[in-house]
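Written out below as structure tokens is the structure these notes cover.
Taken together, the values in this text are just the output of simple stated rules run on the coordinates, not laboratory data. Keep in mind the model is a prediction, meaning the values are calculated, not measured. A quick note on method: Cβ atoms are made from the backbone with ideal geometry, for glycine too, and the neighbour counts reach across all protein chains shown.
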Ligand code: HEM
């Protein structure tokens, strides 16, 4: 929906750059934003941000079971 209204599209989690990104990258993007994406550090508690990061990793591994985790 946001892309139809002019946002740049968010990237897939399943490319090599984001597969190889350390967990801290996702925590930083959620906390501070990235490019056109707003930060959510004010609304999402740190423990919940780490839980979201763990879920992103689970999604990545579900599509690429042999990846090396960082
Ligand atoms: C907790 C919720 C969210 C998480 C975990 C998340 C995560 C991410 C990640 C990992 C990226 C890619 C960063 C990179 O390329 O290295 C990204 C980009 C992006 N996200 Fe989110 N995001 C969240 C919420 C949102 C929301 C609510 C919106 C829109 C209202 C949004 C819009 C975007 C856009 C437009 C980009 C691309 C930004 C750019 O390349 O300029 N995100 N997000």
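So, residue 67, is that one loosely packed, with under 12 Cβ neighbours inside 10 Å, more than 9 Å from the ligand (Cβ to nearest atom) and over 11 Å from the mean Cα position of the chain (by Cα) or not?
no
Tell me, which residue of the range 5-16 that is more than 11 Å from the chain's Cα centre (by Cα) and within 19 Å of residue 65 (Cβ to Cβ) is nearest to the ligand (Cβ to nearest atom)?
Among those that are more than 11 Å from the chain's Cα centre (by Cα) and within 19 Å of residue 65 (Cβ to Cβ), it is 15.
Just need a number here: residues in the range 18-46 that are more than 7 Å from the ligand (Cβ to nearest atom), free of Cβ contacts under 8 Å to residues at least 24 places away in the same chain and over 26 Å from residue 5 (Cα atoms).
Result for the range 18-46: 3.
Looking at the range 47-60, I want the residues that are free of Cβ contacts under 8 Å to residues at least 40 places away in the same chain and have a partner that is buried (at least 16 other Cβ atoms within 10 Å of the Cβ) and not in a helix (DSSP H, G or I) with Cβ atoms under 7 Å, at least 6 apart or on another chain. Which pairs are those?
Filtered contacts from the range 47-60: no entries.
Output the residue which, of all residues in the range 47-63 that are surrounded by 11 or more Cβ atoms within 10 Å (Cβ to Cβ) and away from the ligand (no atom under 12 Å from the Cβ), is nearest to residue 3 (Cα to Cα).
In this case the residue turns out to be 63.
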